[in-house]
Amino acid sequence: MSDGGNDVTGHRYKRVLLKISGESLMGKQAYGIDTEMVATVAREVGKVIESGVEVCLVIGGGNIFRGVSGAAAGMERATGDYMGMLATVMNALAMQNALETLDVPTRVMSALPISAVCEPYIRRRAMRHLQKGRVVIFAAGTGNPFFTTDTAAALRASEMGCEALLKGTRVDGVYSADPEKDSSAIRYDTLTYLQVLSEDLKVMDASAVSLARENDIPILVFSIENAGSFERVLRHEGKFTIVQ
């Protein structure tokens with residue numbers, strides 16, 4: 001793990017990937033995209049970009065469509081997953097719009113070619129965008145069914161040489177159970193990859209955790225809903241759980 005980082009800001013990482021769930025973009029709505037919540041996340045990212053950290057994003061699609069729930073309702077799993085990938089493209093475009101409203105240069109790169117609205121994912125081009133200070137949003141997961149956007153986040157973080165994978169959620173870290181449903185849930189400050197896998201803690205799915213472990217990328221889980229939390233976590237301040 002990097003301890004040097006940017007001397008001016010005190011950030012520990014030079015390049016990071018932020019993974020946020022589609023549900024976090026719903027705000028108080030039952031489904032869909034809450035433009036105010038998207039703007040809130042965009043402001044968080046904008047502050048970090050201003051400080052000189054390179055940021056890429058992966059956004060889930062659960063606020064619009066989730067392949068697993070489609071499969072449970074009788075739909076073929078692969079078809080449901082492709083629909084979910086398209087939902088992540090919609091979220092990515094919404095986030096791109098919010099970031100560019102703040103004058104943050106942004107590119108959406110999709111694992112499924114949709115040339116009318118975004119670039120195809122090409123690793124070297126994505127690296128170049130990051131080096132030029134642009135936010136890169138990776139859409140459509142890995143481009144393959146049966147893989148989640150968590151796995152896509154770990155894969156892209158590995159490909160981009162990110163020093164950390166940050167998961168922005170509704171809660172301020174990893175708990176032994178869902179803290180919104182179980183008041184006795186225990187909160188962890190630090191965990192190992194093996195603890196997460198063996199105790200089946202709901203940080204990210206097992207393939208994502210394994211990929212992060214193989215490439216020695218720490219996973220930091222924090223609440224994206226608290227103002228300034230993204231930048232604080234990059235300095236290892238505030239409340240978060242680190243898996244390493």
Considering only the range 175-188, I want to know if a residue exists there that is within 14 Å of the chain's Cα centre (by Cα) and either surrounded by 23 or more Cβ atoms within 10 Å (Cβ to Cβ) or part of a loop (DSSP other than H, G, I, E, B) (or both).
no
List pairs: first residue in the range 162-175 and free of Cβ contacts under 8 Å to residues at least 60 places away in the same chain, second residue basic (Lys, Arg) anywhere in the structure, Cβ distance under 7 angstrom, at least six positions apart or on different chains.
Tyr175/Arg187
Of the conditions (1) in a loop (DSSP other than H, G, I, E, B); (2) closer than 17 Å to Ala227 by Cα; (3) modelled with pLDDT of 95 or more, Tyr13 satisfies every one except a single condition; which number is it?
(2)
Condition first: under 15 Å from Arg15 (Cα atoms) and out of contact with any helix residue (DSSP H, G or I) (no Cβ under 6 Å at 6 or more places or on another chain). Now tell me which residues in the range 204-231 satisfy that.
Asp216, Pro218
Please tell me if Arg156 is in a helix (DSSP H, G or I), without any contact (Cβ under 8 Å) to a residue 24 or more places away in the chain and of a type outside the set (Phe, Trp, Tyr).
no
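Rundown of residues vs (1) at pLDDT 95 or above; (2) over 27 Å from Arg43 (Cβ atoms), yes/no style:
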| residue | (1), (2) |
| --- | --- |
| Val174 | no, no |
| Tyr193 | yes, yes |
| Lys239 | no, no |
| Ile242 | yes, no |
Residue check: is Ala111 among the aliphatic types (A, V, I, L, M), surrounded by 20 or more Cβ atoms within 10 Å (Cβ to Cβ) and touching a Pro at 6+ places or on another chain (Cβ under 9 Å)?
yes
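The values are calculated or read from the model by the stated rules, or taken from the named source; none is laboratory data. Just so you know, these numbers come straight off a predicted model, no measurement behind them. Counting neighbours? That spans all protein chains shown, and the Cβs are built from the backbone with ideal geometry, glycine included.
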